[in-house]
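What follows is a short report on a single structure.
The values are calculated or read from the model by the stated rules, or taken from the named source; none is laboratory data. Not measured: the values here are computed from a predicted model. Heads up, the Cβs are rebuilt from the backbone with ideal geometry, glycines too, and the neighbour counts pull from every protein chain shown. Keep in mind that these areas ignore ligands, DNA and RNA; they rest on the heavy atoms of the full protein, side chains included. Shrake-Rupley method; radii C 1.70, N 1.55, O 1.52, S 1.80 Å.
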Amino acid sequence: MSSEFEELLFADAIVKKVEIKEISPCTADPERIKFWAQADKPLGDVLPILYLAIPNAKYSEKLGALSYMYQQHLITIFANGRITMTYVKDRNEANQLVEEARRLINRAIIYLKTHGKPNPEAVQAKKELTATKIYELLPKTNCKMCGEQSCFTFAAKLLNGEKTLGDCPPLDSKEYSNYKFQIERMMNPIKLK
């Protein structure tokens with residue numbers, strides 16, 4: 001199904017507008033901005049889906065919030081539809097980031113409508129994912145091809161979103177392809193189209 005067709009099919013469910021409400025200087029760099037925006041509907045039902053789809057996301061059901069790094073921006077999406085972003089160059093970049101977030105959220109909404117809510121065990125399993133669990137599936141050669149001193153350091157940076165599986169060339173070999181697949185499934189069990 002094309003994304004345009006899906007958006008038509010689920011027109012009543014998707015987010016049509018995310019409006020930037022307030023812009024202020026970024027705490028980390030006063031030359032940049034941070035802002036908060038508001039989606040035109042609550043987003044609580046899609047937070048678990050986004051958590052399972054974004055490899056470095058952190059999620060708190062209690063707070064109703066999901067945070068993740070995208071490029072150099074810290075993005076937080078709240079159950080009530082509020083969205084915050086930091087370290088943004090200017091208003092044009094803010095508008096672009098808001099649109100990208102809206103499209104990501106809509107893909108999660110479409111996933112929810114077509115697949116239902118994710119299994120709570122999957123959410124819990126991702127919360128329990130550690131660098132050690134990832135390390136156990138790595139080649140453990142400490143070859144440094146990823147730019148790190150050890151496979152464990154690579155595992156920690158992979159978990160935090162500072163590295164990708166593509167940064168470890170040995171994982172692309174036939175010998176480790178199954179391990180790569182397992183790590184991928186642990187880090188983001190849901191793939192959003």
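General remarks:
- Matching entry among Lys127, Lys133, Lys113, Lys157 (being open to solvent by 50 Å² or more (accessible area, probe 1.4 Å), of a type in the set (Lys, Arg), farther than 25 Å from Asp29 by Cβ and without any contact (Cβ under 8 Å) to a residue 60 or more places away in the chain): Lys133
- Filter result (of a type in the set (Val, Ile, Thr) and either open to solvent by less than 60 Å² (accessible area, probe 1.4 Å) or under 21 Å from Met186 (Cα atoms) (or both)) within region 137-154: Thr153
- The one condition from (1) at pLDDT below 95; (2) open to solvent by 20 Å² or more (accessible area, probe 1.4 Å) that Ala57 does not meet is (2).
- Of all residues in region 92-120, those being touching a helix residue (DSSP H, G or I) at 6+ places or on another chain (Cβ under 9 Å), assigned to a helix (DSSP H, G or I) and within 21 Å of Leu9 (Cβ to Cβ) number 13.
- Strands (runs of 3 or more DSSP E) contained entirely in region 1-85, each with at least 1 residues that are over 18 Å from the mean Cα position of the chain (by Cα) and over 27 Å from Gln182 (Cβ atoms): 18-25, 33-39
- Tallying residues that are within 30 Å of Asn106 (Cα to Cα), open to solvent by less than 40 Å² (accessible area, probe 1.4 Å) and in a helix (DSSP H, G or I) within region 166-193 yields 2.
Conditions tested, residue by residue: (1) touching a helix residue (DSSP H, G or I) at 6+ places or on another chain (Cβ under 6 Å); (2) within 23 Å of Met187 (Cα to Cα).
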residue	(1), (2)
Leu8	no, no
Val15	yes, no
Ala39	no, no
Leu43	no, yes
Tyr59	yes, yes
Met69	no, yes
Leu74	no, yes
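- Test for Ile77: is it in contact (Cβ under 8 Å) with a residue 40 or more places away in the chain, crowded, with 20+ Cβ neighbours inside 10 Å and not small (Gly, Ala, Ser): no
- If you go through region 135-165 and keep only what is of a type in the set (S, T, N, Q) and in a helix (DSSP H, G or I), you end up with just Thr153.
- Residue match in region 11-24 (condition: of a type in the set (A, V, I, L, M), farther than 25 Å from Asn160 by Cβ and without any contact (Cβ under 8 Å) to a residue 24 or more places away in the chain): yes
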